[in-house]
Amino acid sequence: MAKNSTTAPSFATVYGYPRQGPNRELKKAVEGYWAGRVTAGALRAAARRLRRDNWQQLADAGVQEIPTGDFSYYDHVLDTSVMVGAIPPRHRAAVEADALDGYFAMARGTQDVAPLEMTKWFDTNYHYLVPELGPDTVFTANSAKAVGELREAIALGRTARPVLVGPVTYLLLAKPAPGVAADFEPITLLDRLLPVYAEVLADLRAAGAEWVQLDEPALVQDRTPAALNSTARAYRDLGALTDRPKILAAGYFDRLGEALPVLAKAPIEGLGLDFTGPAAGNLEDLARVGGLPGKRLIAGVVDGRNVWINDLEKSLATLATLLGLADRVDVAPSCSLLHVPLDATAEREVDPQIARWLAFARQKTAEIVTLARGLTEGTGAITAQLAANRADLASRTASALTHDPAVRARVRAITPADSHRPQTYTERTPAQRARLGLPLLPTTTIGSFPQTDELRTARADLRRGRIDTAAYDERIATEIREVLAYQEKAGIDVLVHGEPERNDMVQYFAEQLTGYLATQHGWVQSYGTRYVRPPILAGDISRPEPMTVRWTRYAQSQAQRPVKGMLTGPVTMLAWSFVRDDQPIGDTARQVALALRDEVTDLEAAGTAVIQVDEPALRETLPLRAADRPGYLAWATESFRLSTSGVRADTQIHTHMCYAEFGAIMGAIDDLDADVISLEAARSHMQVADELGAAGYPREVGPGVYDIHSPRVPGVDEATSLLRKGLGGIPAERLWVNPDCGLKTRGWPEVRASLESLVAAAREVRTELAEGENG
Ligand code: GLN
Ligand code: ZN
């Protein structure tokens, strides 16, 4: 490629960097502060050190313009609420008494006040705190954090670009505050919000910002003409300000679609666009709108949310095209690097043959620096990097791990019959009823029982070699016996073994499957101080040995009543892992599904009559754009059925999803063809039963009658009245009685009391039904 001599040199930049530090120092400092072990001053100093080190790391790597403001003690959307003064009335006293404590009160609640609600940041596994707004919301500018961090960076001699959540995205992510009409639309507050952004922009300008970035990822979703008009207005007004830095609006996670011409025409100086994965269409769209003449483009050509090395030559080709479409082209990952772990070289236990395919935040940073250099100086300046990259990519393609002939042959041989049970639900029920002999309104739980300190200690002891496998297994066996004895005594009809042997519902399986990689340090922020280590789907997936049969069989041998086998479904396995980017995701799903199918049939052969395949991630993985949803739901439901359709008619398949807003996936739930589904419902007052009933859902349903997200114990009357409500939507022959979700995060005393209420309620309603029949 020719040297880019006509335009400005290309910079390498990022939108954000992992916040936690190489050893999760931020988590330790924040949790230490909560526990009273760390002073506010020490926490602030730790945060300052982490920011300084991150900037240093970026600058050392060759990044010319670093982001500021991406750091957060908890969450960047919460930071935005503070910046615009959107403090809910119930948190005001705490914020006024102490800004830092008030901030954490909004994030986590206190004894007396509830926190802000938390939900997923687009289709990532990061969770943000939902702004609560209403017609009475008064915004006030508080630029302290944004300005403070910018000043810090400038004092260290850095060229910095403050990054803020944009005003349109902020409002589109907000919801009506408690007590405000549910149909209130926060976007109607735009005119009140813009002056506050104007003030912050002026403050940033005064503090030395040449550029500011406003993140608008909400614009990659389908938006109404009204929302697009609001966007146009917002950027016209911000653009018209005289006292402001240059503005760059960034959309990522998908194509900007209809919002692209709106932003391209806005009187702002730059745009950040994603060119990876489903967002690659931005390239064509950009050409169609005539490019960004006179503007700066930040080209997100390195996938910022997955862990694979970039195809540098392919990216250079994209960048070369983009050079003709904007005044200046800079190179960046597609989104903040918050969504990937920090450093792949820390994974010393990963086979070096595989490690060379991995790029975490540090490696991605090196990639964008290389690309920017290639763009500015010509490819001759990066020949060594290109050669190494080519070799790494080739080694991945040629690897036996990514191309296991047996797995490939098996996937090719899948026929439509494999993902359909031979009998319909109506044909299966009599066989299942005869085998299980359950009462009306059978009671069950979702799988896990409290993960006690003893269990966690035993797992840690095993890891550190303080106890051997035999001692650990004995601990697990004892726990299983106790959990079963408790359930039988409590009068539960379909039992669970309690999942004491599982660290995590995805990792437990990932560790046992070939082709799946666990990381040691691959922490990614899930929310606040909670970090997870998603496993990596690195190669073709196979199951060398049964994964759950041993403990399930043991559990059944200790109980009279049926014990449910418990598996994590293919969609959830993929959703909570890093997936391959070298084959269609549906292919990866089918490989995982086949491994699970073998597990399901092995469980059946071992005498398990009820098998639950959890799919809590089915809905959250829904693509951001409606047009992409049918394709997703097709492979998602097919892979679920592929894993569950190899069983006899009298084996009952359950599934579980932990949310109540499933409107968008009602059809998909039906397509799963599970005999029984348990759902969250306690907080929505059984509305789910009505909705499923109204939609004509034909199979069995267990809408949760016990909200496990709170330590509150439901009374018998409460559970009884929820069940009666449930009967309004689902007939008694198809209604199950269970909690909303697994019990692993709860304590034993609440669990005992709550399940007692649940069983008592089931008995009471059974009696009512019998009396109704006789009388
Ligand atoms: N079976 C799992 C449990 O009970 C389900 C967890 C979930 O839905 N997230 O813990
Ligand atoms: Zn759940």
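Figures for the structure shown
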{"item": "Rg and Dmax of segment 474-513, Cα atoms only, in Å", "result": "12.2, 36"}
{"item": "Ratio Rg/Rh, restricted to segment 624-775 and using Cα atoms, in which Rh is the Kirkwood radius", "result": "1.00"}
{"item": "The chain: calculated mean residue ellipticity at 222 nm from DSSP helix runs of at least 4, using -39500 (n - 2.57)", "result": "-13500 deg cm²/dmol"}
{"item": "Fraction of antiparallel bridges per DSSP, the chain only, in percent to nearest 5", "result": "15 percent"}
{"item": "Cβ-defined net charge surrounding MET666, 11 Å radius [Lys, Arg +1; Asp, Glu -1]", "result": "-3"}
{"item": "Segment 554-711: Cα Rg divided by the 2.2 N^0.38 Å rule of thumb", "result": "1.06"}
{"item": "Using alpha carbons only: equivalent-ellipsoid semi-axes of segment 418-485, gyration tensor based, whole Å", "result": "39, 16, 11"}
{"item": "Computed Kirkwood radius, in angstrom, where 1/r is averaged over Cα pairs of segment 707-775", "result": "12.8 Å"}
{"item": "Segments 375-382, 260-267, 454-461 sorted - mean Cβ within 10 Å per residue, highest first", "result": "260-267, 375-382, 454-461"}
{"item": "Interchain or long-range residues, amide H under 5 Å from GLY565's placed H", "result": "VAL610, ILE611, GLN612"}
{"item": "Efficiency of FRET from Cβ geometry, GLN520 and GLU313, R₀ 22 Å, rounded to 0.05", "result": "0.10"}
{"item": "Reciprocal mean inverse distance between Cα atoms of segment 1-135 - Kirkwood radius, Å", "result": "17.1 Å"}
{"item": "Quotient of Cα Rg and 2.2 N^0.38 Å for segment 654-717, N being how many residues it contains", "result": "1.12"}
{"item": "Sites LEU100 and GLU718 - FRET efficiency at Förster radius 45 Å, r taken between beta-carbons, to 0.05", "result": "0.75"}
{"item": "Two-decimal log10 I(q)/I(0) for segment 50-90, as the Debye equation yields it once each C-alpha is a single scatterer, q = 0.27, 0.30 Å⁻¹", "result": "-0.90, -0.99"}
{"item": "Burial ranking of peptide ranges 598-608, 243-253 (average Cβ count within 10 Å, highest at the top)", "result": "243-253, 598-608"}
{"item": "Spin-label pair ARG466/ALA417, simplified geometry with 7 Å Cα→Cβ offset, distance in nm", "result": "5.5 nm"}
{"item": "Between 0 and 90°, nearest 10: helix 469-490 axis offset from the chain longest Cα axis", "result": "60 degrees"}
{"item": "√(5λ) per eigenvalue of the Cα gyration tensor, segment 88-212, largest first, Å", "result": "27, 18, 15"}
{"item": "Dimensions (Å) - segment 489-574, Cα atoms, principal axes, largest first", "result": "42, 35, 21"}
{"item": "P(r), alpha carbons of segment 390-547 - 5 Å bins starting at zero, rounded %", "result": "1, 7, 9, 12, 14, 14, 14, 13, 10, 4, 1, 1, 0"}
{"item": "Gain upon complete extension [GLU773, THR383; 0.36 nm per residue less C-alpha separation]", "result": "132.2 nm"}
{"item": "Karplus (6.51, -1.76, 1.60) ³J(HN,Hα), θ = phi - 60°, over segment 543-553, in Hz, Gly and Pro reported as x", "result": "10, x, 8, x, 10, 10, 4, 4, 6, 5, 5"}
{"item": "Principal-axis tilt of helix 99-108 within the chain, Cα atoms, nearest 10 degrees", "result": "40 degrees"}
{"item": "Rounded to 10°, Cα long-axis angle of helix 716-729 versus longest principal axis of the chain", "result": "80 degrees"}
{"item": "Cα centroid separation, segment 433-463 to segment 204-283 (Å)", "result": "49 Å"}
{"item": "Neighbour-count ranking [beta-carbon atoms within 10 angstrom, fewest first] of GLU733, GLU482, GLU680, GLU691", "result": "GLU733, GLU482, GLU691, GLU680"}
{"item": "Segment 287-342 - Debye-derived log10 I(q)/I(0), Cα point model, q = 0.15, 0.21, 0.23 Å⁻¹", "result": "-0.47, -0.80, -0.89"}
{"item": "Translational diffusion coefficient (Stokes-Einstein; Kirkwood radius from C-alpha pairs) of the chain at 25 °C, 0.890 mPa s, in µm²/s", "result": "88 µm²/s"}
{"item": "Compactness of segment 549-634, expressed as Rg and Dmax over alpha-carbon positions, Å", "result": "15.8, 50"}
{"item": "Kirkwood Rh, Cα atoms: Rg over Rh of segment 105-148", "result": "1.04"}
{"item": "Cα-based Rg / Dmax (Å) for segment 227-307", "result": "12.8, 41"}
{"item": "Ellipsoid equivalent to segment 264-375 - semi-axes via the Cα gyration tensor, in Å", "result": "29, 13, 11"}
{"item": "Label-zone membership for segment 533-553, site ASP351, 7 angstrom Cα→C-beta point, backbone N under 20 Å", "result": "535-546"}
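The numbers here are math on the coordinates, done by the rules we state, and not lab data. Because the structure is predicted, anything quoted here is derived from the model rather than measured. Glycine gets a Cβ as well: all are built from the backbone with ideal geometry, and neighbour counts include every protein chain shown.
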